[in-house]
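One structure is given below, encoded as structure tokens.
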Amino acid sequence: MKTLSTSRCGFPAPVLAAICMLTGVLQAATPMDRDSILEKMDRTAAGFRAVHADFNWTTVNSVVNDRMEQTGRIYLERHGGETRMFAEFDPPDAEQVLFSDGKIQIYKQRLGTVDVYDAGTHREEAETFLRLGFGTSGAEMRQSFEVKYAGEEKVGNVVAAKLELTPKSENIRNHFPQIVLWIDPESGFSVQQKLIEKNDSYRLARYTNIQPTQKMSDKVFKLKKSGNVTTTTH
């Protein structure tokens, strides 16, 4: 039976990755550098309420030479001073990930199971990762990471600013020594994220059809379950 490695905050490493990952040609109107991009993120964060987007998530495991691609949609909202997120993976995976009220729930439709994880004392840390690239301010970015500007790179139709992040938290750094964000200089949102592990494995998420909004229905942030479901609380 395959086992999941567990982080010090109590989540399996893939769960930590899930909440991290879980947001015409546009030319930069102004020169791009680290400070100007972080300032743009400050301005975006000030007015941020909610966003939804399509995603393509590629997981590469260099240890076993395995590559997996998943597609789906993600919904993210700041609600009552907190953050909640719902991600839905397309078949054949047909999984749902929900973060709300300090808990992470993972519903695997094929297995008929829901795994529930309590964020506990690491709730603020989890919310920081959930907002990574979507509503996180430049000031929050500086607080949690060493930030290096790595130039411009085209991602889809966007000429993005590439930021290399080194986590200041030892716990996070043990799992992901480096995180790379590609930020749209026009919107201040992330169009691509890469979480790099110590063994050169990585998780790459690309976001398209990014749609900011002011409010989402509470119905969005509920698991869409069917049939008999077994719930396990970890």
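The values are calculated or read from the model by the stated rules, or taken from the named source; none is laboratory data. Computed from a predicted model, the values in this text were never measured in an experiment. FYI the Cβ positions are ideal-geometry reconstructions off the backbone, even for glycines, and counts take in every protein chain you see.
The lone criterion from (1) surrounded by 21 or more Cβ atoms within 10 Å (Cβ to Cβ); (2) over 16 Å from the mean Cα position of the chain (by Cα); (3) modelled with pLDDT under 90 left unmet by Asn174 is number (1). Charged (D, E, K, R), more than 28 Å from Asp200 (Cα to Cα), out of contact with any helix residue (DSSP H, G or I) (no Cβ under 7 Å at 6 or more places or on another chain) and at pLDDT 90 or above, is that true of Lys108? Here the answer is no, as Lys108 does not meet what is asked. The number of residues in segment 202-222 that are in a loop (DSSP other than H, G, I, E, B), of a type outside the set (D, E, K, R) and surrounded by fewer than 17 Cβ atoms within 10 Å (Cβ to Cβ) comes to 2.
Being among the hydroxyl-bearing types (Ser, Thr, Tyr), surrounded by fewer than 23 Cβ atoms within 10 Å (Cβ to Cβ) and under 28 Å from Lys108 (Cβ atoms) is a condition met by no residue of segment 135-145. Looking for something of a type outside the set (Asp, Glu), assigned to a helix (DSSP H, G or I) and touching an Asp or Glu at 6+ places or on another chain (Cβ under 7 Å) - is there at least one such residue anywhere in segment 138-153? There is at least one residue in segment 138-153 that is of a type outside the set (Asp, Glu), assigned to a helix (DSSP H, G or I) and touching an Asp or Glu at 6+ places or on another chain (Cβ under 7 Å).
Quick check: is even one residue across segment 180-199 small (Gly, Ala, Ser), closer than 25 Å to Val147 by Cβ, in contact with a Gly (Cβ under 8 Å, 6 or more places away or on another chain) and in a strand (DSSP E or B)? Looking for residues that are small (Gly, Ala, Ser), closer than 25 Å to Val147 by Cβ, in contact with a Gly (Cβ under 8 Å, 6 or more places away or on another chain) and in a strand (DSSP E or B), one finds at least one in segment 180-199, hence yes. Residues of segment 169-198 that are in contact with a helix residue (DSSP H, G or I) (Cβ under 6 Å, 6 or more places away or on another chain) and farther than 17 Å from Gly156 by Cβ: His175, Leu195. Across segment 14-38, the qualifying residues are those that are at pLDDT 85 or above and surrounded by 14 or more Cβ atoms within 10 Å (Cβ to Cβ), and the one among them that is nearest to Gly151 (Cα to Cα) is Arg34.
The set of residues in segment 57-67 being farther than 30 Å from Ser217 by Cβ and either buried (at least 22 other Cβ atoms within 10 Å of the Cβ) or not β-branched (Val, Ile, Thr) (or both) consists of Asn61, Ser62, Asn65, Asp66, Arg67.
Here's the yes/no breakdown for (1) surrounded by 19 or more Cβ atoms within 10 Å (Cβ to Cβ); (2) outside any loop (DSSP other than H, G, I, E, B); (3) aliphatic (A, V, I, L, M); (4) on the phi < 0 side of the Ramachandran plot:
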site	(1), (2), (3), (4)
Ala53	yes, yes, yes, yes
Glu69	no, yes, no, yes
Glu77	yes, yes, no, yes
Thr83	yes, yes, no, yes
Tyr107	yes, yes, no, yes
